[in-house]
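Here's the structure, in structure tokens; my notes come after.
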Amino acid sequence: MIRGTTMKQLGTLLAASALTAGTAFVMFDVFAHAHAGPAATGTAAAEFAPLSAERQGSQAGGGATADAGPASALQPASVGAFQGELAHSYSSIAELARNATIVAIVEITSTTTLPFEQLVFTLDSVRVVDSLRGSAPNGSTLTVLETGGLLPAASAKGVPQSARAVEVSFDGVPVAHRGERYLVFLEPYRGPVAPTGSFVILGVYQGKLLLDSTGQRVQPTTTTGQLTGPEFAVYRAASGRSIQDVIAEARKGF
């Protein structure tokens with residue numbers, strides 16, 4: 001949330017983010033670091049879905065299709081981040097798997113940014129490459145909602161007018177990009193932002209493990225390069241390991 005949000009807007013954001021058991025309660029700061037000016041900060045309390053974010057896209061109706069190429073209308077001129085305490089930090093890969101409805105290796109086929117009040121969400125369309133748990137067969141398509149993305153600068157108070165957009169991530173974990181592959185741990189999403197039948201990531205971003213270009217090793221990443229703190233316990237446990245080793249660890253929670 002950015003300074004200037006009214007109680008009515010806060011209520012709307014709470015409703016938009018109200019989810020299932022994986023919902024995270026956070027106290028967060030938004031730091032909008034514009035290239036042309038100082039940081040703008042604000043604080044608030046809100047309930048967030050297990051999601052995350054950052055994206056580049058072009059305006060198209062109510063949303064913007066990300067990864068749209070050089071013709072994108074919104075080019076990031078600032079970088080922002082949600083930072084806060086998660087409701088639950090998963091201590092192991094097996095714990096994540098035990099609480100997930102779906103566990104699968106997926107490939108990102110497209111992403112769409114969804115500005116909502118003073119927040120931004122990213123809706124990923126993913127193809128299931130290897131279904132490990134749940135009712136998502138190989139080759140099927142899922143939609144996954146993440147928090148963050150490319151927020152138009154006009155929606156972020158305190159950001160200089162020269163900044164066309166603010167790229168927002170949660171705890172420095174970027175949202176997915178088209179063509180990337182992830183091992184994901186998902187649960188159903190319930191709320192007004194994404195279509196019925198969509199999913200969210202367990203633990204906001206903890207249940208989203210990026211694979212390297214070969215698809216054989218896990219390489220979770222953040223914009224800061226830091227993986228410290230209990231919220232990154234799973235990232236540290238999985239980082240650099242072969243995907244088969246991580247899957248074997250996950251199966252202990254099935």
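The values are calculated or read from the model by the stated rules, or taken from the named source; none is laboratory data. Remember, predicted model here, so these are calculated numbers, not experimental data. All Cβ positions, even for glycine, are placed from backbone atoms using ideal geometry, and neighbour counts span all protein chains on display.
Quick one: is THR224 touching a Gly at 6+ places or on another chain (Cβ under 7 Å) and more than 14 Å from LEU86 (Cβ to Cβ)? So THR224 passes the test.
A count restricted to segment 159-187 and to residues that are over 22 Å from THR224 (Cβ atoms) and either assigned to a loop (DSSP other than H, G, I, E, B) or modelled with pLDDT under 80 (or both) stands at 6.
Are any residues in segment 212-254 acidic (Asp, Glu) and surrounded by fewer than 18 Cβ atoms within 10 Å (Cβ to Cβ), and if so, which ones? Give the steps one after another, and end with the answer.
Here is the first cut: in segment 212-254, the ones acidic (Asp, Glu) are 212, 231, 245, 249.
Result: ASP212, ASP245.
For segment 98-125, a residue qualifies if it is surrounded by fewer than 24 Cβ atoms within 10 Å (Cβ to Cβ), touching a Lys or Arg at 6+ places or on another chain (Cβ under 9 Å) and not in a strand (DSSP E or B), and the qualifying residues are ARG98, THR101, GLN118. Within segment 233-254, the residues that satisfy the criterion of being farther than 15 Å from THR221 by Cα, in a loop (DSSP other than H, G, I, E, B) and not aromatic (Phe, Trp, Tyr) are LYS252, GLY253. Only a single criterion out of (1) on the phi > 0 side of the Ramachandran plot; (2) under 12 Å from the mean Cα position of the chain (by Cα) is not satisfied by TYR205, namely (1).
Is it the case that segment 237-245 has a residue that's closer than 14 Å to ALA104 by Cα, among the basic types (Lys, Arg) and at pLDDT 90 or above? No: zero hits. Taking the numbered list (1) out of contact with any Ser or Thr (no Cβ under 7 Å at 6 or more places or on another chain); (2) at pLDDT 95 or above in turn, THR141 passes all entries but (1). If you go through segment 89-126 and keep only what is more than 17 Å from ALA176 (Cβ to Cβ) and at pLDDT below 95, you end up with SER89, PRO115, PHE116, GLU117, GLN118, LEU119.
Every residue, every condition in (1) within 13 Å of the chain's Cα centre (by Cα); (2) surrounded by fewer than 20 Cβ atoms within 10 Å (Cβ to Cβ); (3) touching a residue at least 12 places away in the same chain (Cβ under 8 Å), yes or no:
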residue	(1), (2), (3)
ASP171	yes, no, yes
ARG181	no, no, yes
GLU187	no, no, yes
PRO195	no, yes, yes
ILE201	yes, no, yes
